[in-house]
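The values are calculated or read from the model by the stated rules, or taken from the named source; none is laboratory data. Quick caveat: nothing in here was measured; it's all calculated off a predicted structure. So basically every Cβ, Gly included, is an ideal-geometry build from the backbone, and we count neighbours across all protein chains shown. Heads up: the accessible areas ignore ligands, DNA and RNA and are worked out on the full protein's heavy atoms, side chains in. Shrake-Rupley method; radii C 1.70, N 1.55, O 1.52, S 1.80 Å.
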Amino acid sequence: MKSKTFAQAIDMALAQAMADDPNIIILGEDVQMLRVNLFSRFGRDRVRNTPISESAFVGAAVTAAMAGLKPVVEVMLVDFIGVAMDAILNHAAKVNSFSGGKWQVPLVIRAACGGGYGDGGQHQQSLWGWLAHIPGIMVVVPSNPADAGGLMLTALEHAGPVIYLEHKLLADYWLDYMGIGDRKTVTFDVPPNGARGPVPDKLSPVPPGKAAVRQKGSDISLVGVGVGVHRCLQAAGSLKTKGVAAEVIDLRSVSPLDIKAICESAEKTGRVLVVDEDYREFGLSGECAAVIMEAGIRAKYARVCTNDTIPYSRDLEEKTLPNTERIISAALSLMS
Amino acid sequence: MQPDLWELYSLMYKSRLFEQAVKKLWNDGKISGEMHLAIGEEAVAAGIVSHLKEGDAMALDHRGTPQMLMRGVDPVSLLCELLGKPEGLCGGMGGHMHLFSEQHLAASSGIVGSSGPAAVGFALAAQHLRPGAVAVAFFGEGAMNQGMMMESMNLAATWKLPVLFVCKDSKIAITTVSSSVTSGSLFNRAKSFNIPAKEIDGTDVEMIWLAAHKAIDEARRGEGPSFLLAHCSRPEGHFLGDPLIRITKNPLKEMKDMAPALLKSILKPKGAAVRERTESLSSVTSILGQTTKAQFFNFNDPLDMTRKELKSDKNRLEQLEEKIEQEIKQIVINALNGNTDNKKAVT
Ligand SMILES: Cc1ncc(C[n+]2csc(CCOP(=O)(O)OP(=O)(O)O)c2C)c(N)n1
């Protein structure tokens, strides 16, 4: 175990996998610099700079995967995935079904996501629920360095398409480019244990669709992903001082969803609060409620999500994204 | 028709000082997120925007602050927007990449390439509702490889829409040398859609004004779209705090974090052949040295060229500059205090 940053752990996982499997290639805009360590080690054929042509290179990655390569295609920020959506929605996600389960698309789509640094609603979305809505795609969202590395291996081992989302408050280099820019005059609410933490010397994959209980508790279940997990943990700390024992579940994978973990916790506590940085309506938070109801569990339920377009202004943004105060107050009203 | 160089210089100088003020406010932490300045592109903006009138539209990318300013958007509300204040042009909801002014039919987007379709739609509406009006798309050379940009050119040409496509060629898109990912010439690409194209020095405001005059005039008369390819450079890099500039300027300090991991990675067994690794490394160092220096440090300032021509009337020039400097100072003060003309708080 060594302490590593979130970004280092992802790089490490890719290096480990690329050394073993020559069919893994990386492609995307500016990967020559963004992945400079991998570029220098594996060369320009395996770490390939693309033009700004997402619909073409993501579309090409789909068939490259069908024909034997294992592409990790990057779309920089998940917001830009809109340009490549057809390749994902109508192709990557469909080929396996259309071929009667005979043809696989072993593709990883990597993107940075999330807000909290004042960059506006076209650069700070989460979109994991929106993407997970499509059958045939795995969507993973790590919350700490060890999982960032492990889930990258999970994604690379998976037989089908996976969307891998790294939150910009956790991946230090993204925050540096997009939010800090060499300034000492700005501050961000970066979860320290998410941005840096212990990582095993040799990474192994996280089991697909497996949530992790980050804190045990019997009064209320706080369920989240990515930065949301850390906001939950922080809220759980405050709730404890008010005599409330919160359980914190890190879903890690939005699709497949660990229904068992959600339901077990819901059954135990009888109160579920979903914290989701993605949009509230028609997404992960509603899905969690649905699986609990489908399992016939009676539980009180609430959610703290992003309800609207994310404002640019940091004051307004702060109120829009799920924050600890909102989580605490929602949790307390579930308790009453 | 000849351009009024005094007017153009005044637009450019005002934009330059405005963006320098933005840079300071950003450095002070008063402006959040990324900040893409267009310092170096003022001649392109001024030479084109000065032709626009009511009913004309602008589709802007992530670098559109000068165009908004030059089009006549209230500078205080513009700056308030960048400061994320409720008094801002968009109530602090948009920021510099998402500036909107319905009154000026001006819309921006941070999605690279999207100014193509946006201008086409504005032009389509003009064709129906405001004959004689035009739409201008501003974008960088990187955006020329976006499918939607090429599709927009085809659409504009087949429907003979009044669009002026303006490509500001800075040769580099974030860290990627655009020629390394672009086949053929952008000029010929536009021509192949049967769109009249002109390649131009993006620092020469007079030439730009004349080229835009012709293109916009034709578009107003219903003769369809044109394409302008303007070469310019940007001393502030892609965005403020650009790592390429940081590393090139201060390699020892900045490489302190980067170099050990890079070296370790290069020396690892399993991977590309040694020759390929050396090639990769040298291409990285050349971007961090030569390319960055050539693109960002050899700044050919569009303001200098115009200023030289106006210098013969030294008094007038000094008075003009003094007036604009005062104006910008006042704009900054008003913006920091939230004193806009049309103070409307957005809740
Ligand atoms: C669809 C999309 N892909 C990628 C990006 C990230 N990005 C922002 S600016 C930029 C480079 C754009 O280059 P160019 O069009 O030449 O404009 P410049 O920044 O040089 O003015 C990229 C890749 C984006 N904003 N949108």
Going by Cα centres, the stretch A:1-77 and the stretch A:94-157 are how many Å apart? 14
Highest-fluctuation residue, B:Thr278, B:Thr248, B:Thr203 considered, GNM on chain B with Cα pairs under 10 Å: B:Thr278
When chain B is treated as a GNM, springs tying every alpha-carbon pair under 10 Å, which of B:Gly121, B:Gly237, B:Gly147 comes out with the largest mean-square fluctuation? B:Gly147
At a probe radius of 1.4 Å, figure out the B/A buried accessible area, summed over both chains, and give it in Å² to the nearest 100. 4100
Just for the Cα atoms in the protein assembly as shown, what are the lengths along the principal axes, largest first, rounded to whole Å? 81, 61, 53
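At a 1.4 Å probe radius, which order do A:Arg41, A:Arg214 fall into by accessible area, largest first?
The ordering from most to least exposed comes out as A:Arg214, A:Arg41.
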Those lysines that a straight Cα-Cα span of less than 19 Å connects to B:Lys53, excepting residues fewer than 8 apart in one chain: B:Lys214
With a 30 Å threshold on alpha-carbon distance, the violating pairs from A:Lys319/B:Lys168; B:Lys14/B:Lys314; A:Lys319/B:Lys293; A:Lys2/A:Lys216 are A:Lys319/B:Lys168; A:Lys319/B:Lys293
Over the Cα atoms of chain A, what Rg and Dmax result, in angstrom? 19.3, 60
Using only the Cα atoms of chain B, what are the Rg and Dmax in Å? 21.2, 69
Using a 10 angstrom Cβ neighbour count of at most 14 plus a DSSP loop assignment to flag exposed GluC sites (Glu not before Pro), which longest range of chain B is free of such sites? B:55-222
When chain B is modelled as a GNM with alpha-carbon springs shorter than 10 Å, which of B:Asp242, B:Asp204, B:Asp169 fluctuates the most? B:Asp242
Inter-chain Cβ neighbour average for residues A:119-131, partner chain, 10 Å: 3
Solvent accessible area, Å² - B:Arg221, 1.4 Å probe, full protein context: 140
Please report the spacing between the Cα centers of the stretch B:253-320 and the stretch A:202-222 in Å, no decimals. 45
With Cα coordinates, the longest principal axis of chain A makes an angle with the long axis of helix A:259-269, in degrees rounded to 10, of 10
Taking the alpha-carbon distance from A:Lys94 and a cut-off under 21 Å, which lysines remain once sequence neighbours fewer than 8 residues away in the same chain are dropped? A:Lys70, A:Lys102
Per residue of B:84-97, count partner chain C-beta atoms within 10 Å of its C-beta, then hand back the mean as an integer. 5
Cβ-based charge dipole, the stretch A:212-335, positive-most Cα from A:Ile249, A:Ser218, A:Leu233: A:Ser218
List the trypsin sites (Lys or Arg not before Pro) within the stretch B:1-97 that DSSP assigns to loop and that have no more than 14 neighbouring Cβ atoms inside 10 Å. B:Lys53
Determine ³J(HN,Hα), in whole Hz, for all residues of the stretch B:116-125 in sequence, where each value follows from phi through the Karplus function 6.51 cos²θ - 1.76 cosθ + 1.60 and θ = phi - 60°; x replaces Gly and Pro. x, x, 4, 5, 4, x, 4, 5, 4, 4
Ordered by number, the chymotrypsin sites (Phe, Trp or Tyr not before Pro) in the stretch B:234-311 that occupy a DSSP loop and have at most 16 other Cβ atoms within 10 Å are B:Phe299
Relative to the longest principal axis of chain A, what angle (0 to 90°, nearest 10) does the C-alpha long axis of helix A:284-294 take? 60
Averaged over residues of A:43-52, the number of beta carbons from other chains lying within 10 Å of each residue's Cβ is 6
For the stretch A:103-182, listing chymotrypsin sites (Phe, Trp or Tyr not before Pro) in a DSSP loop whose Cβ sees at most 13 other Cβ atoms within 10 Å gives A:Trp103
In whole percent, what relative contact order does chain B give with Cα contacts below 8 Å and a gap of six or more residues? 22
Which far-off residues, 5 or more places away or on another chain, put their amide H under 5 Å from the one on A:Val254, with H placed in the peptide plane? A:Val139, A:Val140, A:Val141
Shape box of the stretch B:83-137 [Cα atoms, principal axes, largest first, Å]: 37, 24, 11
